[in-house]
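The values are calculated or read from the model by the stated rules, or taken from the named source; none is laboratory data. Values in this document were obtained by computation on a predicted structure and should not be read as measured data. Every residue, glycine among them, receives a Cβ derived from its backbone with ideal geometry; neighbour counts consider all protein chains shown.
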Amino acid sequence: MTTAGKNFFLTGPPGIGKTTVIQKTIQKLTVPATGFYTREDRQGGRRVGFSIITLDGKNGILAHVQIRGKFRVGRYTVNVEDIERVAVPAMTPKSPLDIIVIDEVGKMECFSHAFRESLIAALDGPNTLLGTIAARGTNFIESIKSRKDVAILEVNLRNRDELPEKLAAMLA
């Protein structure tokens with residue numbers, strides 16, 4: 001596990017448990033945190049979309065099969081308005097001690113210019129950031145992963161159960 005930098009991103013294949021690692025890490029933190037995580041939305045056992053849930057309890061729709069709009073990823077239409085209404089404000093720390101949690105930096109979120117700007121501001125600011133990032137992505141995503149102040153941690157079946165404890169200790 002590499003620990004260069006003050007910003008930590010988890011990456012790995014879909015379904016490996018990146019969001020679960022984030023959620024378990026948040027529960028173990030001894031410092032305050034702000035930000036958001038994403039959750040799959042299912043109907044009848046089938047994935048129909050994704051929600052945004054902030055650490056202080058606000059929520060919105062990240063993408064869904066039943067909404068219409070300009071931006072699509074696969075069968076999902078991305079809800080840029082909720083990204084900007086729910087996720088973006090949650091990315092602003094309330095104190096210099098706050099850990100900023102961003103789950104995730106992926107193609108859907110990056111359709112929002114405000115999200116990209118807020119992410120850069122969070123990375124450039126004094127607070128530590130813990131997030132997830134797409135294993136492969138756009139030039140913007142690759143530029144985030146190549147920053148000198150970013151450490152990339154690969155989540156896999158061997159380390160995903162121990163990562164929350166290690167991350168919480170690193171972030172303390």
If G69 passes every condition in (1) within 12 Å of the chain's Cα centre (by Cα); (2) surrounded by fewer than 20 Cβ atoms within 10 Å (Cβ to Cβ) but one, which one does it miss? (1)
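Can you tell me which residues in segment 88-108 are aliphatic (A, V, I, L, M) and not in a helix (DSSP H, G or I)?
So the first thing to find is which residues in segment 88-108 are aliphatic (A, V, I, L, M), and the list is 88, 90-91, 97, 99-102, 105, 108.
The answer is M91, L97, I99, I100, V101, I102, V105, M108.
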What do you reckon, is V101 touching a Pro at 6+ places or on another chain (Cβ under 7 Å), closer than 27 Å to E165 by Cα and surrounded by 20 or more Cβ atoms within 10 Å (Cβ to Cβ)? no
Identify all residues within segment 20-74 that are charged (D, E, K, R) and touching a strand residue (DSSP E or B) at 6+ places or on another chain (Cβ under 9 Å); write none if there are none. R39, E40, D41, R42, R47, D56, K58, R68, K70, R72
If you scan segment 42-87, which residues turn out to be in a helix (DSSP H, G or I) and touching a Phe, Trp or Tyr at 6+ places or on another chain (Cβ under 8 Å)? V80, I83, E84, V86, A87
Only one residue in G60, G17, G44 is at positive phi and touching a residue at least 24 places away in the same chain (Cβ under 8 Å), so which one is that? G17
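What do you reckon, is K28 within 18 Å of L171 (Cα to Cα) and at pLDDT below 95?
Working: within 18 Å of L171 (Cα to Cα): yes; at pLDDT below 95: no.
For K28, the condition - within 18 Å of L171 (Cα to Cα) and at pLDDT below 95 - is not met.
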In segment 75-94, what residues are modelled with pLDDT of 95 or more and surrounded by fewer than 17 Cβ atoms within 10 Å (Cβ to Cβ)? R75, E81, E84, R85, P89, T92
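With the requirement that a residue be small (G, A, S) and crowded, with 16+ Cβ neighbours inside 10 Å, what does segment 1-60 give you? Before you say what the answer is, go through the steps one by one.
Start the filter on segment 1-60 by keeping residues that are small (G, A, S), which leaves 4-5, 12, 15, 17, 33, 35, 44-45, 49, 51, 57, 60.
Once the filter is applied, which keeps residues that are small (G, A, S) and crowded, with 16+ Cβ neighbours inside 10 Å, segment 1-60 yields G5, G12, G17, A33, G35, G49, S51, G60.
Residue-wise test of (1) in contact (Cβ under 8 Å) with a residue 40 or more places away in the chain; (2) within 18 Å of L153 (Cβ to Cβ); (3) out of contact with any Gly (no Cβ under 9 Å at 6 or more places or on another chain).
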site: K94; (1), (2), (3): yes, no, yes
site: L97; (1), (2), (3): yes, no, yes
site: I102; (1), (2), (3): yes, yes, no
site: E109; (1), (2), (3): yes, no, yes
site: A114; (1), (2), (3): no, no, yes
site: E117; (1), (2), (3): no, no, yes
site: A121; (1), (2), (3): no, no, yes
site: D124; (1), (2), (3): no, no, yes
site: A134; (1), (2), (3): yes, yes, no
